[in-house]
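*Asks:* Can you read through this structure? Questions will come right after.
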Amino acid sequence: MIKQLNDVRLIEAGFPCHQVGAETQRERGASSALPPLYYLHVWWARRPLTPSRAAILASLLPADTDTDWFLRQLGIEKVQAIVNGVEWTLDDILIERIINYDSGKEILIVDSAVIRALEREQNARAQQRELIDRIVAGNPMLNRHTAIVKWRNQCIPIPGPLPAEDDILDIERKAADPAWFKELMNLAADEGIRIPNLYGYSRAYSSRPEFQDGDTIVLDPTAGGGSIPFEALRLGCKVIANDLNPVAAVILMATLDYPTRFNIDLIDQIDKWGEKLIAVLNKKLEDVFPNVFPLPKYERDYLSKHLRKCPELIDEFDKENTTTYLFCRQVTCPHCGGEAPLLNTCWLSKGNEKWGVRIISDGSREYGK
């Protein structure tokens, strides 16, 4: 009993919430770099992967866990080469060239590609120092701000002579500082200056943790989109997950069960049956939702004008390929008979040029502004 009372976990003491929060905001704010899990099915309450992994791992680790190591397990890690005593953060391409010895020591052998990258780094640091001067010129009080001071220290020139081919650079891995960069971006934005990406690492969720716990069972009876059990599996835990919503239950099967049960062989089956499903769907909905249909008159007129020197191409391009449709805007509850809207608005466009599409009873369409 005494041991249990003293069993304080990292999530209860020393949890680096400022760093986890900054990376979570970065993950949620990405429009083109979302985790692949997000594209499986839209789920309105999907939890980001970074805090999901953080919550699980911090609940398993003791309170005295090294927070630097903890952040690196979340993927908040930068890989640096030491060049004449100065840290140089490597990009993904250079990280792939690192040699890892059995002893755990990592090195980077200098070749022409590394030399060119170092030259680009020197130029980038010079540009960053100019940005710092512009920010401070607009607000001299920022010269002593901790975020600016840290940035200035990070972009000092790498002293020469720079390494030559076949030289060896030692590699160090350390936790990155997304909270610092978030604060720095806010400072620069206030001064109307845009700064380059200084996170120093790719998206955290894409990194696989070293920590593996094969004995712990994670139970999530309201798993929803599956972020928490998904990250629990990546941490090596055993997982029991479910949800009352049948859509969520299907998502969980596709996210957690099928990949672990069928492994990479599942890819071919997904391609095969996905293509069949799309083919059947397109055939049945062709009358209402055609894949290809002629351009409206005003677009065809523009096309004819654009191809006036090549009129033989007009027929070839007089068509519009539809990527997707929203098939349903409202559903009826099978139990209470209530109508549940799936859209919070019926607007197609709110720009300067407002337009719409009306489906007529015979299946034809009218376009109008």
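The values are calculated or read from the model by the stated rules, or taken from the named source; none is laboratory data. If you're wondering where the values come from, they're calculated on a predicted model, not measured in any experiment. Because the Cβ atoms are built from the backbone with ideal geometry, glycine has one as well, and the counts that use them run over all protein chains shown. Note: areas computed on protein heavy atoms with side chains; ligands, DNA, RNA excluded. Shrake-Rupley method; radii C 1.70, N 1.55, O 1.52, S 1.80 Å.
*Asks:* With the chain treated as a Gaussian network of Cα nodes joined by springs under 10 Å, which of THR146, THR332, THR89 yields the largest mean-square fluctuation?
*Replies:* Result: THR332 has the largest fluctuation of those listed.
*Asks:* I'd like the FRET efficiency for ARG261 and THR146, computed as 1/(1 + (r/R0)^6) with the beta carbon distance as r and R0 of 30 Å, rounded to 0.05.
*Replies:* Result of the calculation: an efficiency of 0.05.
*Asks:* Please report, in whole Å³, the volume per residue of the convex hull around the C-alpha atoms of the chain.
*Replies:* It comes to 285 Å³ per residue, whole-number rounded.
*Asks:* Using only Cα atoms, what Kirkwood radius does the range 153-286 have, in angstroms?
*Replies:* Roughly 20.3 Å, rounded to one decimal.
*Asks:* On to the next question. How far, in degrees from 0 to 90, does helix 266-284 lean away from the longest principal axis of the Cα atoms of the chain, to the nearest 10?
*Replies:* It works out to around 30 degrees.
*Asks:* Compute the acute angle (0 to 90°) between the alpha-carbon long axis of helix 178-190 and the principal axis of greatest extent of the alpha-carbon atoms of the chain; round to the nearest 10°.
*Replies:* 70
*Asks:* Given H placed 1.01 Å from N in the peptide plane, which residues other than close sequence neighbours of LYS174 have an amide H under 5 Å from its amide H?
*Replies:* LYS78, GLN80
*Asks:* Among bridges DSSP assigns within the chain, what percent are antiparallel (round to 5)?
*Replies:* The antiparallel fraction comes to roughly 85 percent.
*Asks:* Now for a different question. Under 8 Å for C-alpha pairs, at least 6 residues apart: give me the relative contact order for the chain, rounded to a whole percent.
*Replies:* Relative contact order of the chain: 15 percent.
*Asks:* For VAL218, list long-range residues whose amide hydrogen, built 1.01 Å from N in the peptide plane, is under 5 Å from its own amide hydrogen.
*Replies:* Residues meeting the criterion, in which the H sits 1.01 Å from N, are LYS238, VAL239, ILE240.
*Asks:* Normalised by the number of residues in the range 1-134, what is the relative contact order in percent for Cα pairs under 8 Å and 6+ residues apart?
*Replies:* Averaging sequence separation for qualifying contacts and normalising by length gives 22 percent for the range 1-134.
*Asks:* Report Rg (one decimal) and Dmax (nearest whole number) for the range 99-182, counting Cα atoms only, units Å.
*Replies:* So, for the range 99-182, Rg and Dmax equal 16.4, 51 Å respectively.
*Asks:* Can you pull out the GluC sites (Glu not before Pro) in the range 83-158 whose DSSP state is coil and whose Cβ has at most 14 other Cβ atoms within 10 Å?
*Replies:* Taking the range 83-158 and a limit of 14 other Cβ atoms within 10 Å, the loop GluC sites (Glu not before Pro) found are GLU96.
*Asks:* While we're looking at this one, here's another question. Of the accessible area of the chain, with the probe set at 1.4 angstrom, what percent is carbon plus sulfur?
*Replies:* 55
*Asks:* Return the sequence-ordered ³J(HN,Hα) values of the range 295-305 in whole Hz as given by the Karplus equation 6.51 cos²θ - 1.76 cosθ + 1.60 applied to θ = phi - 60°, using x for Gly and Pro.
*Replies:* 5, x, 4, 5, 6, 5, 4, 5, 4, 4, 5
*Asks:* Can you grab the distance from the C-alpha centre of the range 267-287 to the C-alpha centre of the range 16-81, Å, no decimals?
*Replies:* The range 267-287 and the range 16-81 have Cα centres spaced 35 Å from each other.
*Asks:* I need to check one value: relative contact order of the range 26-99, counting alpha carbon pairs closer than 8 Å and at least 6 residues apart, in percent.
*Replies:* Over the range 26-99, the number comes to 16 percent.
*Asks:* Leaving out ligands and nucleic acids, and using a 1.4 Å probe, what accessible area per residue does the range 28-165 come to in Å²?
*Replies:* 54
*Asks:* With label points built 7 Å along Cα→Cβ from the Cα atoms of LYS319 and GLN269, find their separation and express it in nm.
*Replies:* Computed distance between label sites LYS319 and GLN269 equals 3.5 nm.
*Asks:* What is the helix-to-structure angle for 49-60, meaning the angle in degrees between its Cα long axis and the longest Cα principal axis of the chain, kept from 0 to 90 and rounded to the nearest 10?
*Replies:* 50
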